[in-house]
């Protein structure tokens, strides 16, 4: 019994190959990045861990790069880094979402890869990544595969990551146009989301992209609402009628699939989506009279 | 010999100075040793198996498998408790470990000592308990009328307070039903301690607590050994707020250490901590206020029901406070108040900052606002019109002989013009970092509330503190068992000693049961008065002994001598001697200090039950997003009656911290209990205010009218900040929303009616 205690091997990977080799040897190992979610589970005793591969010091997973209209974020990019000037100018909604995560200490440790790996319905970066139709690069010692985010996050804390695999990077398009992310919690900071909403504009395509957070097992794209708003906006004037705004908000609320839990009721969550979606749209477009 | 100690910078802070805390820098730097940092080379780790059910019969408890695990040293149950099977602060009714039944979720059932925390965890998992679930009693409203869930019955205490005319009616009557949720003290340092078995059959316990000697009495009783064989030393306390007044792991640690003959350490996890200490009593209150057409209070009727949870703790004293102060700091000639605290299968409740007065303040202040509306009067004016003052009677018939600057507290708070801190940042609006609102979505509200409570223990309790002052070579050593839980006694004791003895170097001996008598509890805003008083008395006795010695040796009249900056000087300047030299032969005084006696309440809740009272007012400005139910407290102004200010920086700290706890209760802090089970036993879901939730506290006035009988004229200041702050914030939210909001904490869905909108 005591032997088992002493042996909880932790591989502190120094390179991507090192991490992948460790995962090949022990495909079921827990992948530890910032630890802001995993360690809470471990300390609570709700997650028992036999083996750990720590990827926090893998240089290939750090940093970001811009390639034409695509931004590639290493899985190890922290919330604080996403709030920085450069990333926030390319993907403002991701920066806004990152600011709602935890405390400064947590934002310095927690990573975008970790947020995806946890795949919580309340994951704060997920709605924006869904709206951006982010593409994940997933790597194992056998090679890489690319997966759109809606095929990666598949259920409550469930994702398509296979044993032996890790998330290497997340690629998102850099859109031209305003972005808004809003999140509700019963405290003004450091709070788990009760409902969240993201609205992105693409002025080249005259389109909006949107996503609802924490109101379903996975983030929800309200496609009907998106189409309505994209078609209803006067893109030349950046203006939209009150009627279209109302209809957009109602369709967003209709798309929600919320549940009741100790953090909020389903009825409140649906209501919140209706309010947030209209407010977000009003921040981006001026409300004109039809 | 008087000039050798000039290297060390020695503080010379006296009474009235903002002396810095000796433990301040270590705490900021992380070098302060908290009780969770205790360590012994040979120690084992302890752990506790807790009931998953709020009410169940234990049909089988089998520890065989757990004992077989390598590294497990012992597993103990109810059958192993060597002394009394139950303990309690006022009334022993709580089992050290459950015997046949469990009465709340998280009740201890078995304890383990093992080589490593992980082995402890596995051993606890290997203990086989067969529970037969019972229907838990979770509704306090029916507790009085249903079958007993404990041999001592379901009513902890009932008070029928009758004062004046019981029939009189006022021309103006307002009525309301109010509710307060279960707040947690949310200290950051979880319960932890280390027990070391003594060779003499006794035990040394190092633990974070609020009252060493009350712990010793209860621990010795449960261990079945003499009190002097239990030696308790205070370990570094990471916050208390009432939650460390009851025993938690104390007896368990000692049992494990004595059984294994090894030191044993235990630390509760955060989740376990929520089950391991008492909470603030949830309250349901009905009020009817009667006033004449001029707004003078005629009569107050109230019924206050507190849910005490499974065991008594200090429920009896909490309901007495709730009843005595149910009307607020107002002149109320006639009253009938029914106060009742009952037993349920909910988590046990007990002491928390404000102790019964917080709950009723939320009720009586809502009533005063309703009265102002009914009379079309200004809420400040109606409070001023009825404000208590010295010479007035309380609901208990007691006449206030001390200071009672209620009107001054209200007026200064109402008139203060806060420094404007308007911000255009979206994050400064309700919703904060979530950026949910724009300025046009916001309604603003403003309101004032005032509250009060007793200082120190009441109802005839023999309330005292003890201290020893030892003066040798000019260095004073103070020994007092006062538990430093963050309130600042360690600073104050030094200030008092310097003030009286004129010395610079003051050493504080560890707080322990071995070296000095009881200091009483660090609670009830009492230590500045009680242990401050004991230190003052001990120092004055030493001072007198010192002067008498000099008088005898040098033929000088004692009246001609003063102590100044390390010297004893004659007034005419002809004689001087350093205190270092004069105390080469040590001098010592060992004292007990008592406040003026109090008396029990009679069958009508009447009597001189309290010693002294402290008053505070808060004015809150809140921004509310009515469509989403989100709130931001944007301004908080306070005035407080302190008697005399002994340490301004520490006083401000109390005023700010207490107000933050009050804001928390108003807008977010609640232990959510469903069918007896806590649903948010973590800091992920038990929310306390962050910097974005708590505005800077503006202090309108710290009111200094020295309290007769109090050492240095100083009143305790720890609790008043958390009494009226909650009431002010919820009243401001009412102003912003025009909603009745009869319950705190105010939840999102109390403000936004979701059925209408969806």
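Per-structure values
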{"read-out": "Strands (runs of 3 or more DSSP E) wholly inside segment B:51-157 containing at least 3 residues that are away from every other protein chain (no Cβ under 14 Å) and within 22 Å of residue B:224 (Cβ to Cβ)", "value": "B:72-77, B:108-114"}
{"read-out": "Conditions (1) within 14 Å of chain A (Cβ to nearest Cβ); (2) at positive phi: number failed by residue B:295", "value": "(1)"}
{"read-out": "All positions within segment A:1-28 that are in contact with a helix residue (DSSP H, G or I) (Cβ under 6 Å, 6 or more places away or on another chain), modelled with pLDDT of 90 or more and farther than 19 Å from residue A:137 by Cβ", "value": "A:11"}
{"read-out": "Residues satisfying the stated conditions in segment B:513-560, i.e. assigned to a loop (DSSP other than H, G, I, E, B) and over 27 Å from residue B:613 (Cα atoms)", "value": "B:513, B:514, B:515, B:516, B:555, B:556, B:557"}
{"read-out": "Options B:442, B:478; residue that is touching a strand residue (DSSP E or B) at 6+ places or on another chain (Cβ under 9 Å) and within 26 Å of residue B:28 (Cα to Cα)", "value": "B:478"}
{"read-out": "Elements of type helices (runs of 4 or more DSSP H) contained in segment B:688-758, each with 2 or more residues being more than 10 Å from chain A (Cβ to nearest Cβ)", "value": "B:724-737, B:748-751"}
{"read-out": "Selection count, segment A:224-263, where residues are farther than 18 Å from residue A:209 by Cα, in contact with a strand residue (DSSP E or B) (Cβ under 9 Å, 6 or more places away or on another chain) and without any contact (Cβ under 8 Å) to a residue 24 or more places away in the chain", "value": "1"}
{"read-out": "In segment A:184-211, residue farthest from the chain's Cα centre (by Cα) [restricted to those that are under 15 Å from residue A:283 (Cα atoms) and within 14 Å of chain B (Cβ to nearest Cβ)]", "value": "A:199"}
{"read-out": "Residue in segment A:59-72 that is touching a strand residue (DSSP E or B) at 6+ places or on another chain (Cβ under 9 Å), surrounded by 13 or more Cβ atoms within 10 Å (Cβ to Cβ), part of a loop (DSSP other than H, G, I, E, B) and touching a residue at least 40 places away in the same chain (Cβ under 8 Å) present", "value": "no"}
{"read-out": "Failed item, numbered, when residue B:471 is tested on (1) under 30 Å from residue B:580 (Cβ atoms); (2) in a loop (DSSP other than H, G, I, E, B)", "value": "(2)"}
{"read-out": "Flag for residue A:168 being more than 14 Å from chain B (Cβ to nearest Cβ), in a strand (DSSP E or B) and either in contact with a strand residue (DSSP E or B) (Cβ under 8 Å, 6 or more places away or on another chain) or within 21 Å of residue A:66 (Cα to Cα) (or both)", "value": "yes"}
{"read-out": "Filter result for residue B:491 (out of contact with any helix residue (DSSP H, G or I) (no Cβ under 6 Å at 6 or more places or on another chain), at pLDDT 95 or above and assigned to a loop (DSSP other than H, G, I, E, B))", "value": "no"}
{"read-out": "Leading residue by the ranking (farthest from residue B:499 (Cα to Cα)) among those in segment B:610-636 that are more than 22 Å from the chain's Cα centre (by Cα) and away from chain A (no Cβ under 14 Å)", "value": "B:621"}
{"read-out": "Count of segment A:245-259 residues which are away from chain B (no Cβ under 11 Å) and closer than 23 Å to residue A:156 by Cα", "value": "4"}
{"read-out": "Complete set of residues in segment A:264-290 that are more than 7 Å from chain B (Cβ to nearest Cβ), more than 13 Å from residue A:248 (Cβ to Cβ) and free of Cβ contacts under 8 Å to residues at least 60 places away in the same chain", "value": "A:266, A:286, A:288, A:289, A:290"}
{"read-out": "Where residue B:662 falls short, out of the listed (1) modelled with pLDDT of 95 or more; (2) in a helix (DSSP H, G or I); (3) within 13 Å of chain A (Cβ to nearest Cβ)", "value": "(3)"}
{"read-out": "Any hit, segment A:128-149, residues being within 20 Å of residue A:211 (Cβ to Cβ), within 14 Å of chain B (Cβ to nearest Cβ) and either in a helix (DSSP H, G or I) or touching a helix residue (DSSP H, G or I) at 6+ places or on another chain (Cβ under 6 Å) (or both)", "value": "yes"}
{"read-out": "Candidates A:230, A:242 - the one that is buried (at least 16 other Cβ atoms within 10 Å of the Cβ), away from every other protein chain (no Cβ under 14 Å) and either farther than 23 Å from residue A:186 by Cα or at pLDDT below 95 (or both)", "value": "A:230"}
{"read-out": "Failed item, numbered, when residue A:163 is tested on (1) away from every other protein chain (no Cβ under 14 Å); (2) surrounded by 17 or more Cβ atoms within 10 Å (Cβ to Cβ)", "value": "(2)"}
{"read-out": "Which numbered condition residue B:672 misses (of (1) more than 9 Å from chain A (Cβ to nearest Cβ); (2) modelled with pLDDT of 95 or more)", "value": "(1)"}
{"read-out": "In segment A:192-207, the residues that are touching a strand residue (DSSP E or B) at 6+ places or on another chain (Cβ under 8 Å) and free of Cβ contacts under 8 Å to residues at least 60 places away in the same chain", "value": "A:202, A:207"}
{"read-out": "Strands (runs of 3 or more DSSP E) (entirely within segment B:562-605) containing at least 1 residues that are at pLDDT 95 or above and within 40 Å of the chain's Cα centre (by Cα)", "value": "B:587-594"}
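Condition check ((1) out of contact with any strand residue (DSSP E or B) (no Cβ under 9 Å at 6 or more places or on another chain); (2) under 21 Å from residue B:670 (Cα atoms); (3) assigned by TED's automatic domain parsing to the domain that holds residue B:48) across all residues:
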{"position": "B:256", "(1), (2), (3)": "no, no, yes"}
{"position": "B:260", "(1), (2), (3)": "no, no, yes"}
{"position": "B:265", "(1), (2), (3)": "no, no, yes"}
{"position": "B:272", "(1), (2), (3)": "no, yes, yes"}
{"position": "B:287", "(1), (2), (3)": "no, no, no"}
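The values are calculated or read from the model by the stated rules, or taken from the named source; none is laboratory data. This is a predicted model, so every value here is computed, not measured. Positions of Cβ are backbone-derived with ideal geometry, glycine not excepted, and every protein chain shown enters the neighbour counts.
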